[in-house]
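Below: one structure, written as structure tokens.
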Amino acid sequence: MNVMDEIFANIVDIKRFAVHDGDGIRTAVFFKGCPLRCRWCHNPETLSDKPQIGFFGHKCTLCGECVRVCPRGCHETEGGIHRFDRADCVLCGKCADACPADALKKYGERKTVAEILDVLLRDKRFYEESGGGITLSGGECLMQSGACAEILKSAKSRGISTAVDTCGFVPRKAIRAVLPFTDVFLYDLKHIDEAAHVAGTGQSNGIILDNLRFLSEEGAALEIRYPLIPGFNDGEDAVTGAAEFLAALRGIKKIRVLRYHDFARSKYVSLGYRDTMPDAEKAEDPDFARRIFVSITGVETV
Ligand code: SF4
Ligand code: SF4
Ligand code: SF4
């Protein structure tokens, strides 16, 4: 048996023809599991490393199919109200498969590296024509760095451009595992102040900043991603602090300031999570932050 058939990864999705996950046309793999808990996370289905069932009540037509197929009696539709009790759910996915209204969705599947590569290699021609490639993302893909390294190595050996999208809150050995096979790191920088970082993400930024310095010293190509979050890092002091930190690093090819939106709000409710997303109406225009980054770092900022 091929070693690629024996290494598994927990993923949420493989998105072909992605245009927001690096240069050109790309295929992006979204790994499941993240060590941070950013209040604004727009992929809450990737936070847990376990499979989950999402229930989107506004789509439910009360057809009763999920009640019929669930082996654990988790669904009820009596009295014109759908009740979903997760306590006894064994995550078999039968209800999601049976739902005709897309109101139930299973997040998370275990795939071999060979299965993932099979999808990634389909669009090699488009990568070449567009200057694209593959991107490993999440969640935090480097929580599964062994699988990532195998995927990246295999892609590189076929001449495919590779990118790793990371929050940086991972052990150094995870970074080292993928470094030789990664053409560019899409690296999140959320806040330079440690207390603010803990308040917004649940974790210190110490490891994140150390890993970013390490990648810079190793000569890695870096694209910094700064999500501009209302009431968190959208003040002039926060942006200036981040820019001054970046100005001391080398290897930064681009800074990308990400506009905040709250399109993922319904996903929090569907997963039974508390909705922690900030109000999108308070979002600042990213252009003011872009001007600060350019003036302090001299790096192309988009
Ligand atoms: S995933 Fe399986 S056990 Fe869980 S609610 Fe759906 S059908 Fe029932
Ligand atoms: S199968 Fe889907 S649409 Fe039908 S009752 Fe269940 S959740 Fe609602
Ligand atoms: S690092 Fe990314 S995936 Fe993880 S919680 Fe933060 S926004 Fe979500």
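Please verify whether GLY200 is in the same structural domain as GLY251 (by TED's automatic domain parsing), farther than 19 Å from VAL257 by Cα and either surrounded by fewer than 18 Cβ atoms within 10 Å (Cβ to Cβ) or not acidic (Asp, Glu) (or both), treating the condition exactly as stated.
Here the answer is no, as GLY200 does not meet what is asked.
Need the failing condition index for VAL113 against (1) hydrophobic (A, V, I, L, M, F, W, C); (2) touching a helix residue (DSSP H, G or I) at 6+ places or on another chain (Cβ under 6 Å); (3) without any contact (Cβ under 8 Å) to a residue 40 or more places away in the chain, just the number.
(3)
Suppose the filter is surrounded by fewer than 22 Cβ atoms within 10 Å (Cβ to Cβ) and either in contact (Cβ under 8 Å) with a residue 60 or more places away in the chain or acidic (Asp, Glu) (or both); does PHE17 pass it?
yes
Could you list all residues from region 37-61 that are aliphatic (A, V, I, L, M) and either more than 16 Å from ligand 1 (Cβ to nearest atom) or over 30 Å from GLU78 (Cα atoms) (or both)?
LEU47
Could you tell me how many of the residues in region 222-279 are open to solvent by 20 Å² or more (accessible area, probe 1.4 Å), among the charged types (D, E, K, R) and under 22 Å from ARG37 (Cβ atoms)?
Residues meeting the conditions: 8.
Could you tell me whether any residue of region 152-165 is open to solvent by 60 Å² or more (accessible area, probe 1.4 Å), in a loop (DSSP other than H, G, I, E, B) and within 16 Å of ligand 1 (Cβ to nearest atom)?
Looking through region 152-165, none of the residues is open to solvent by 60 Å² or more (accessible area, probe 1.4 Å), in a loop (DSSP other than H, G, I, E, B) and within 16 Å of ligand 1 (Cβ to nearest atom).
Residue under question is GLY133, and the condition is that it be buried (at least 22 other Cβ atoms within 10 Å of the Cβ), away from ligand 3 (no atom under 16 Å from the Cβ) and under 22 Å from the mean Cα position of the chain (by Cα); does it hold?
Here the answer is yes, as GLY133 does meet what is asked.
Residue by residue through region 87-133, note down the ones that are within 14 Å of ligand 1 (Cβ to nearest atom) and of a type in the set (S, T, N, Q).
Selection gives nothing.
Looking only at region 100-130, filter to residues that are within 16 Å of ligand 2 (Cβ to nearest atom) and surrounded by 22 or more Cβ atoms within 10 Å (Cβ to Cβ); which one of those is nearest to VAL164 (Cα to Cα)?
TYR107
Looking for something away from ligand 2 (no atom under 16 Å from the Cβ), aliphatic (A, V, I, L, M) and in a helix (DSSP H, G or I) - is there at least one such residue anywhere in region 80-98?
yes
Does region 69-86 hold any residues that are more than 10 Å from ligand 1 (Cβ to nearest atom) and farther than 22 Å from TYR268 by Cα, and which are they?
Answer for region 69-86, where residues must be more than 10 Å from ligand 1 (Cβ to nearest atom) and farther than 22 Å from TYR268 by Cα: GLU78, GLY79, GLY80.
Select from region 56-76 the residues that are surrounded by 14 or more Cβ atoms within 10 Å (Cβ to Cβ) and not in a loop (DSSP other than H, G, I, E, B) and list them in ascending order.
Those that are surrounded by 14 or more Cβ atoms within 10 Å (Cβ to Cβ) and not in a loop (DSSP other than H, G, I, E, B): LYS59, GLU65, CYS66, VAL67, VAL69, HIS75, GLU76.
Count, please, the residues in region 215-241 that happen to be closer than 11 Å to ALA196 by Cβ and within 22 Å of the chain's Cα centre (by Cα).
4
Examine region 175-188 for a residue that is assigned to a helix (DSSP H, G or I), open to solvent by less than 10 Å² (accessible area, probe 1.4 Å) and either away from ligand 3 (no atom under 13 Å from the Cβ) or closer than 12 Å to THR135 by Cα (or both), and state whether such a residue exists.
Yes: region 175-188 contains one or more residues that are assigned to a helix (DSSP H, G or I), open to solvent by less than 10 Å² (accessible area, probe 1.4 Å) and either away from ligand 3 (no atom under 13 Å from the Cβ) or closer than 12 Å to THR135 by Cα (or both).
The values are calculated or read from the model by the stated rules, or taken from the named source; none is laboratory data. Just so it is clear, the structure is predicted and the values come from calculations on it, not from any experiment. Neighbour counts are summed over all protein chains in view; Cβ atoms, including those assigned to glycine, are modelled from backbone coordinates with ideal geometry. These area figures cover heavy atoms from the full protein model, side chains too; ligands, DNA and RNA do not enter into them. Shrake-Rupley method; radii C 1.70, N 1.55, O 1.52, S 1.80 Å.
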